[in-house]
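These notes are about the structure you will find just below.
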């Protein structure tokens, strides 16, 4: 997260983005746990994508990756440019 292309992302920004976030993609077949792509914004309005999984067995949310989406590759940060 600290080496992010558009500037480092700190844990507080991840927390803020999750709090305001919405699931924009779902990966039900991911192993070992299904995962989702969340689009959220920090309190400063920075868009953040978070790939997260949930282990029901352990009642544990797992953050897989966090990045600021490239606007050249995303439409409104919600849909991939084709």
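Tabulated data
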| item | result |
| --- | --- |
| Search result, residues across the range 47-69 that are surrounded by fewer than 12 Cβ atoms within 10 Å (Cβ to Cβ) and not in a strand (DSSP E or B) | 56, 57, 58, 59 |
| Qualifying residue in the range 1-17 (condition: surrounded by 14 or more Cβ atoms within 10 Å (Cβ to Cβ) and in a strand (DSSP E or B)) | no |
| Tabulated pairs, the range 63-76, first free of Cβ contacts under 8 Å to residues at least 12 places away in the same chain, second loosely packed, with under 14 Cβ neighbours inside 10 Å and part of a loop (DSSP other than H, G, I, E, B), C-beta under 8 angstrom, 6+ apart or interchain | 72/81; 73/81; 74/81; 75/81 |
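Every read-out reported here was derived from the displayed coordinates using simple, explicitly stated rules and does not represent laboratory data. Note that this is a predicted model, so its numbers are computed, not measured. All Cβ positions, even for glycine, are placed from backbone atoms using ideal geometry, and neighbour counts span all protein chains on display.
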